[in-house]
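This report concerns only the one structure given below.
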Amino acid sequence: MIPQELLYAKSHEWLKVEGENGTIGITHFAQEQLGDLTFIELPSVGDVLEAGDEFGSIESVKAASEVYVPVACEVTEINESLEDAPEKVNDDPYEEGWLIKVKITGSTDDLLDAAAYQAVTEEDAH
């Protein structure tokens, strides 16, 4: 259940590239590890971030976790619907549960394809 068309970070965020713009979320594996989400903190529109910077946090019934941008970018939109319904990330992490939209300002060369990310999840599951 890892979409082939996305790029991935080892920290379990995904990036959908659309020209110079991108959409970022957490993977199915990440939301499954966290359990039922109860709160999501997101950045502000206009924030400028470097690859690997923390851009928010996610709390669940099991744990709290920071989330990191997989690429240098500027935040152009946040998924405001998650404020009232963080469970959308559990229900649909690759569509309705997206976290932020960005203008990509850095290279995506270091990100993983679906096959490489699958290997990371198999390693992290043990």
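What the table shows:
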item	result
Cβ-based net charge around L7, under 11 Å, with every Lys or Arg adding one and every Asp or Glu removing one	-4
Structure-based [θ]222 nm, the chain - -39500 (n - 2.57) summed over DSSP H runs of at least 4, per residue, nearest 500	-5000 deg cm²/dmol
Net charge contributed by nearby residues that have their C-beta within less than 14 Å of T76 (K/R +1, D/E -1)	-3
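Each reported figure results from applying straightforward, stated rules to the coordinates on display, with no laboratory input. The structure displayed is predicted, hence computed values, not measured ones. Neighbour counts run over all protein chains shown; Cβ positions are idealised from the backbone, glycine included.
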